[in-house]
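Data first, discussion second: the structure below is written as structure tokens.
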């Protein structure tokens with residue numbers, strides 16, 4: 001029996017210390033570290049196609065909803081937060097395991113040299129060996145085990161909320177960049193239209209100059225405006241390409257991928273009141289949930305510290321075998337062999353530690369107070385955040401109405417100035433000025449629409465509400 005026990009122990013040691021087994025358990029130098037592979041179970045699932053993770057982005061038509069879902073599924077930056085959440089869940093399971101019994105083994109060897117006169121019993125020639133097995137069960141740890149488990153469970157919940165918070169932040173980034181791309185595309189179209197108008201004006205002015213109806217100055221002014229419009233087109237196209245590359249990056253695509261992002265700067269009315277927005281924020285925001293969990297975690301930390309006020313009690317059962325050879329067998333005339341078992345309970349109690357536990361308890365209590373103040377401060381900040389973003393939505397909405405009327409009037413003014421010039425009753429400056437004002441009005445309308453949707457995206461995130469498609473009515 002002893003030989004079989006020692007053999008079992010040796011095989012167990014070899015198994016648990018082997019590199020292959022350590023790698024399988026994820027604890028050795030060659031451990032298989034879990035990496036973010038675009039299969040996040042805690043995050044928002046979805047994508048453009050079934051094999052989106054293998055597509056480099058070519059020939060894809062991606063709407064805002066598709067862009068948000070793809071970023072939540074494939075952006076590597078969210079993998080870190082998810083790994084933290086999974087780690088906290090494993091920590092909770094580890095804390096739960098502390099409630100169960102523990103099995104331990106010991107194997108020891110020692111050699112003694114004894115000199116006595118007259119000589120009596122000589123110590124074993126090969127030394128003494130012992131092997132023991134003990135099972136212990138915590139009975140009462142001053143509520144420390146319970147507090148540690150509850151703290152680990154609260155941390156796991158908090159990290160899940162942190163993942164949700166990171167998803168909302170990623171949603172806001174993707175939507176803001178998507179809207180920037182649409183804004184720059186509208187700017188490119190507007191600048192190209194302005195360039196086309198100025199080229200037409202240059203052609204008309206040149207024709208009038210050739211027949212002596214207009215001075216050379218009008219031609220020069222028209223040429224300068226054409227060159228300035230060409231420069232504006234170049235800048236707008238560069239801004240569009242830069243925004244396109246950044247949006248690709250957020251979606252986990254190569255910056256050079258030619259993706260067809262589809263959408264328009266539509267005006268979607270938002271009718272919720274400030275009170276409704278605040279109610280949604282207080283109910284849904286992950287950071288408020290995390291703040292509440294932080295207060296509870298601090299309370300559990302204090303409870304764990306207070307466990308040192310109480311005795312620690314555990315039950316145990318052990319079996320010990322000893323002998324004068326490595327296989328625990330009796331050898332020689334001075335050999336020995338014995339086997340004992342013991343069952344009992346142990347209680348330890350640190351009665352006095354010069355205030356160590358008392359002041360640690362006070363420290364933990366003040367940390368609880370700190371977390372409560374921070375949670376209250378965050379709640380106040382949420383109120384300001386919601387109101388400021390709702391005001392930004394209302395402001396952009398009013399600017400859209402003004403910009404639409406401005407574009408309408410500027411378009412009519414340009415056509416009137418162009419007709420007057422062609423009838424020889426207006427000047428070249430009137431046409432160029434009207435064209436410039438029309439371009440400015442169009443840019444203002446595009447900016448107001450983009451600002452409205454951007455503010456709306458920020459408001460949804462501030463309320464803790466996942467809204468991947470802002471243009472959905």
| Selection within the range 410-435 - crowded, with 18+ Cβ neighbours inside 10 Å and in contact (Cβ under 8 Å) with a residue 40 or more places away in the chain | 414, 418, 421, 428, 431, 432, 435
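This table checks each residue for (1) farther than 27 Å from residue 285 by Cα; (2) at pLDDT below 90; (3) surrounded by 14 or more Cβ atoms within 10 Å (Cβ to Cβ).
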residue: 316; (1), (2), (3): yes, yes, yes
residue: 331; (1), (2), (3): yes, yes, yes
residue: 337; (1), (2), (3): yes, yes, yes
residue: 340; (1), (2), (3): yes, yes, no
residue: 381; (1), (2), (3): no, no, no
residue: 390; (1), (2), (3): no, no, yes
residue: 408; (1), (2), (3): yes, no, no
| said: Tell me yes or no: at least one residue of the range 418-431 is within 46 Å of the chain's Cα centre (by Cα), part of a helix (DSSP H, G or I) and either within 30 Å of residue 207 (Cα to Cα) or in the same structural domain as residue 181 (by TED's automatic domain parsing) (or both). | reply: no
| remark: Quick count over the range 230-257, residues being outside any helix (DSSP H, G or I) and surrounded by 13 or more Cβ atoms within 10 Å (Cβ to Cβ), is 6
| query | Which residues, taken from the range 272-307, are free of Cβ contacts under 8 Å to residues at least 60 places away in the same chain and within 12 Å of residue 367 (Cβ to Cβ)? | reply | 305
| query | Quick check, is residue 367 without any contact (Cβ under 8 Å) to a residue 12 or more places away in the chain and out of contact with any strand residue (DSSP E or B) (no Cβ under 9 Å at 6 or more places or on another chain)? | reply | no
| query | Which one of these does residue 460 not meet: (1) under 30 Å from residue 169 (Cβ atoms); (2) touching a helix residue (DSSP H, G or I) at 6+ places or on another chain (Cβ under 7 Å)? | reply | (2)
| Total residues in the range 139-195, condition in contact with a strand residue (DSSP E or B) (Cβ under 9 Å, 6 or more places away or on another chain) and assigned to a helix (DSSP H, G or I) | 6
| request: Run down 412, 395, 408, 465 and say which single residue is over 30 Å from residue 305 (Cα atoms) and outside any helix (DSSP H, G or I). | output: 465
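The values are calculated or read from the model by the stated rules, or taken from the named source; none is laboratory data. Treat the numbers as computed from the prediction; the structure is a model and nothing was measured. When we count neighbours, we look across all protein chains shown, and the Cβ atoms used for this are built from the backbone with ideal geometry, even at glycine.
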